[in-house]
Structure formats: structure tokens, C-alpha cells
Amino acid sequence: MNSKLLAGVALAALIAGGLAHAQDPALPPAYGSVRLSSGFEPDPASVGVRAGGAIYAGNASDYCSGYITPQASYAFDYDAGGYDLFVSAASDVDATLLVRAPDGSWHCNDDGEGIGLNPGLRFDNPQSGNYRVWVGTLSPGVGYEPAMLHISEVGFSSANAYSRAPNPNLAPESGTLDLRAGFADDPRTVRVTAGGEISADRGTSPMCRGHVNSAPDLWVNYTGRGDFDLYLSMEADSDTTLLVQDPNGNWLCDDDTAENLNPGLRIEDPAAGRYAVWAGRFSRGPDVPATIYVSELGFLGNIDTPAELDYSLPSNYGSADLVSGFTPDPYTVDLMAGGDVDVNEAVGQNCRGYATTAPDFDITYDADNLDLYISATSDGDATLVVNAPDGTWWCDDDSAGSLNPGIRFDNPQDGRYDIWVGTYSEGTPEPATLHISELGFGDEFVGGGSALDVALEANYGSVSLEGGFSPDPYTVDLVAGGPLDAGEAADPSCRGYVTEAPDFELSFEPGALDLFISVLADADTTLVINDPSGRWICDDDGAGSLNPGVHFENPEAGVYDIWVGTYWSGDGQPARLGISELGFQED
């Protein structure tokens, strides 16, 4: 089988080096052929091949993926009976299959059911005749990888005699730990040597890093179901990695989570069974001494205290009772932003930064008909976390501009707001000022007196349109840009530079269709729209290729004031505004 495999490689290289640019069923298959009749034995019929090539398999069908050689890897003539036909392949890399059935139809697969990253195709009521099979690799440029092709009437196979992947069934180099949930003498440690000649992502997961041996370094037989997470980590003087196969066959890996270039895996609600553990080295080189830690406390045996923001604690800088219409507005508090709690770990969602466990400030607020703005200013990059009266978490990083965070509560609730001011990066706390306002972010009204004015006459005119208008799109040539920062003069979510007056005004009576407003330009442009309800709607690149576009579903009747801005300040840029019920403008 090995000589046949090498001869096939030579043929593949010869043909791939020629002028062929697509798969060709007429070429002789690289690794031979066979005749099979239903009920054949042995089942599966298996052959060694090399997967991969330089030709994109999508040339055969848009549904196909991977890279193959011009000639088929293998062919077989099949006399069908009463069984389904299974064609699968097994490789250490992510392989693909392309099969040409006897009727000339193309069939392809990437990851077959139940065989991981190995491909498999099942033919129900298979045809009799000649099948041509290409075994490819999902990614280009990985060479010709050894693989096994399996033809069966029983099912898929992941057997691979050529595998050089980590093998969890080989005896571990450094022994076995038998542990029950709640085990004493926590952490347990095992001295190992980290490293090896095999890439950790071979036959495991593309996310894995480092180099390991075929055999695991340690087996951990873990029994019982307790209230503990399982922590596997490693300590060494070099940059090391961990590779683990859990009892369910899942591959887990890590590089630096235990800090200081030490890897660590936290397994929540760990399954009972065997964990095969490999100690890897990130770079190739001699093996290095290392210590594996197995714990239910934390990485390297340290107690892992969950990150928490606790609004039941007294606030660091006090509290205030505010009634809508309060003065002075904004209400400000000087404080130190930051802390040692990872906000994302504590709250999740899209929250960022580092804060203290206790809130920095809290307000009890009696709302009326005004919006509530909570923001912070700092010379550093600050973040904001707010727990609202209904218990929901609100977070922001830069919405108040210039790396300052800001959260706007529309129709705010009555009750208590607990507020944390964090720093984006972990480190020394930074001086900051918290602002609470009903006017805008920061210490003055948004726009500083230079607001966009919908009452001014539009620079390039106006139009009244009804649903079903023609021509569609309605277009206006204009010059984009202006001196005002839209994020300050309209809404913090807006981008670009615009004039004080709208560029165009649309009076619209909708029909049954949506409304699309977009811009075409050679420069990077933006859109700012004040809709019939007085809301600011902004976009940068929604229409693609640096062109902005806003899609109004079930559009309101009324006036749409439209500004076309340039992303960067400077000279105005030629642009075309398009108004449509069909979609965004196209070049």
C-alpha cells in the first residue's frame, strides 16, 4: 500500500504541474480502481491515497469546497444491490470529498455525520456503474496529505493507517491520575516534559497550537459529579500549550490562559471519564521540563474567585437622589476609574474594561419626560457599566466620543441606577469625571451650540415622493462634507463631517414597500438622517464599499432631512444621493 501511495503522489505532482485547471474524469485515477458488487467483502474496501491538490473543487459545483488534483484519486465500478453506498475518507487534516456518479452528477462533502472533520457521502438507492472519487483538502497549500478512502455498504469509517495525529489511546508517558470529584490534596501535580514533533492541530482542532508527542503525557480518570469545575493547567519556564481530549471525544486546547505564557483549561460541569492530556511546546525545539496541575480550585492550584460586580455593596464615591429637571445639569462626580475585576467576565454581553467590585456611584432617579444620559470623561480610555432599576446591565466604551463612554436611556425608569466607571485596560486606576444629565453626554449639551438644524433650507433642494414613484432610484448630485462633527452635532452614533443645514429634504408618503436612502461616491462618505419622528439615524458603510445606506422598514410618512458627510474632515467630495424603494444604489 505504501508503494502505491508514493506512486500516486508522483502522478499527482506530474499532472498538477501541467496545464490542467479543472478536474477531468477521463484521466486515469491516481491510485487505481476496483470492481465491487453489492455484498462485497471485506467491507469497507479501503485504499491509501494522498489528499489535496491545486484545483478548486468548486469548479465542479458551487456547493463543493476544497482543493483536488485534475485526475480522480480512485475509481470503482459498482454493481448495486439492496444496500446504500457509503464513501468516506479519513485524514489528519480537514479533508473533502468530490464524487462523480455514474449518471455524471457531482456530489461533495466536507464533514460527514459522526466522523468529525472527515468527509462522507451516503448514496441512497445507489446506481450501478463507474464512480470517480477525488479526496481533497479544505485548505490550499497544505501539500498532499496521507489519507484513507473507504467504500462501504455499512457506514462511514474514520480509520486511518497513515495517521500521525495525537493518539489518546496510547499509554501516557507520565502515568495516570484516578480522581473523584471533591478530591483531597488539591492540586495534584505531575512532572512532565513538554514538546514533541507533531503539530497539535493535526487530527484534532485547527485552533490548537504547539507541538506534542503521539502519546499523551497524562491520563486523568475523573469520576463522580460534584459542584466543581475541573482545571487543567501547566507551568514551565518556556511558552507551553495544552491539548486535551475529554471523555466525549471533544478536543480542547489552550496557550496562555493561566498567564505568564502558561496554558490553562477550565472545564465547566466536567463529564466523568478519561481525560487524555498532552503537554506541548509552542515552538519547535527540545522538550522542556513542565508541571501539569489538576485542580478543582483554579489554575495552577490557585483559588479561582469568580469576577463579580456587586450592587449590594456601598458605592465607592457615594450616591444621590435626582428628580427630573434637576440642577445643576450635568450632575458631576470626580472619581478614580478602574479596578481589578474583568467586567466582561463578570457581566458578559459586550461589556469591556476593569472596575471595582462595588459600584463607583449610584443614583435614585425620579423620571419624567426627558431622556437620561450617563457618561464619563477621562484622559485615558474609560468604560461604563450601569445596572438599571429593572436589573438589566448596560455597558459602553466610546459612545460619548474621544474614548469617553456614554449611555443614553430613552424613557428612563424610576429607581436606582448603580454605576461603575472602568478602564479599558487592566492597570493603574485613572482620574475621571462621571456626568449625569438630561441634556447630553459630557459636561455640556451635545454639539456645544453647533447642532444640525432641520429648520434650515436644504443645500440641494427637496422633493415630495409617494410609494411607487418613478424613476426609481430618485438621485441627487451634490458635494458631501462640511465643518461639523456629526457625532457632536447630531448623535454620538453618527460619523463624519457635515454642514449645519440638511443637504436634501424628502417628503415621503409610503406605499407597501420599504424605503432605501444611500450614497455613491469615490470617497468614504456617511449618512445622517432626521426621520419624521425626530430620531437621528446614521450610517457609514451600510451600502458596501465605503458607501453609506439606511434601510427603513415600514417607513413613516413625513419629512426626512438628509445630510451626506465625509468620514474625514477636509474638502467636500462629489457624491450621488439615491432614494429608492428597491434597494441601495449600485456602481
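The values are calculated or read from the model by the stated rules, or taken from the named source; none is laboratory data. Remember, predicted model here, so these are calculated numbers, not experimental data. Cβ atoms come from the backbone with ideal geometry, glycine included; neighbour counts cover every protein chain shown. Just so you know, the surface numbers come from the protein's heavy atoms only, side chains and all, with ligands and any DNA or RNA stripped out. Shrake-Rupley method; radii C 1.70, N 1.55, O 1.52, S 1.80 Å.
Things worth noting here:
- Net charge dipole size for the range 295-393 [Lys, Arg +1 and Asp, Glu -1 on Cβ; Debye, nearest 20]: 80
- Using θ = phi - 60° in the Karplus curve 6.51 cos²θ - 1.76 cosθ + 1.60, the 3J(HN,Hα) couplings for the range 307-315 round to 5, 8, 9, 10, 6, 7, 7, x, 5 Hz; x is entered for Gly and Pro.
- Dipole orientation for the chain: of the candidates Tyr311, Leu484, Cys253, Cys253 has the Cα lying most toward the positive pole (charges on Cβ; Lys, Arg +1; Asp, Glu -1).
- Accessible area of Ile292 in the full protein assembly, 1.4 Å probe (Å², nearest 10): 0
- Extended-chain gain in nm, criterion 0.36 nm per residue less alpha-carbon gap, Asp287 and Arg35: 85.8 nm
- Only Lys, Arg, Asp and Glu carry charge here, each on its Cβ (+1 for the first two, -1 for the last two); on that basis the range 15-102 has a dipole of about 260 debye about its Cα centre.
- Relative to one another, the C-alpha centroids of the range 247-263 and the range 188-211 are positioned 10 Å apart.
- Residues in the range 126-143 carry Karplus couplings, in order, of x, 7, 8, x, 8, 10, 10, 10, 10, 9, x, 10, 4, 9, x, x, 9, x Hz; the curve used is 6.51 cos²θ - 1.76 cosθ + 1.60 with θ = phi - 60°, and Gly or Pro positions show x.
- Percentage, to the nearest whole number, of Cα pairs in the chain over 37 Å apart: 59
- What separates the Cα centres of the range 267-325 and the range 356-400 is a distance of 27 Å.
- Selection among Gly534, Leu335, Ala276 by position relative to the dipole of the chain gives Ala276 as farthest towards the positive end (Cβ unit charges, Cα centre).
- Cα-centre dipole for the chain with unit charges at Cβ (Lys and Arg positive, Asp and Glu negative), debye to 20: 4020
- Exposure ranking of Trp134, Trp568 by accessible area [1.4 Å probe, largest first]: Trp568, Trp134
- Summary of packing: across the peptides 410-421, 546-557, 307-318, 375-386, the per-residue average of other C-beta atoms within 10 Å ranks them, highest first, as 375-386, 410-421, 546-557, 307-318.
- Two-decimal log10 I(q)/I(0) for the range 23-75, as the Debye equation yields it once each C-alpha is a single scatterer, q = 0.23, 0.31 Å⁻¹: -0.92, -1.18
- The fraction of accessible area contributed by carbon and sulfur in the range 175-243 is 43 percent, rounded to a whole number (1.4 Å probe; ligands and nucleic acids excluded).
- In the chain, the DSSP-assigned H stretches of four residues or longer account for a calculated mean residue ellipticity at 222 nm of -1000 deg cm²/dmol, using -39500 (n - 2.57) per stretch and the full residue count as denominator.
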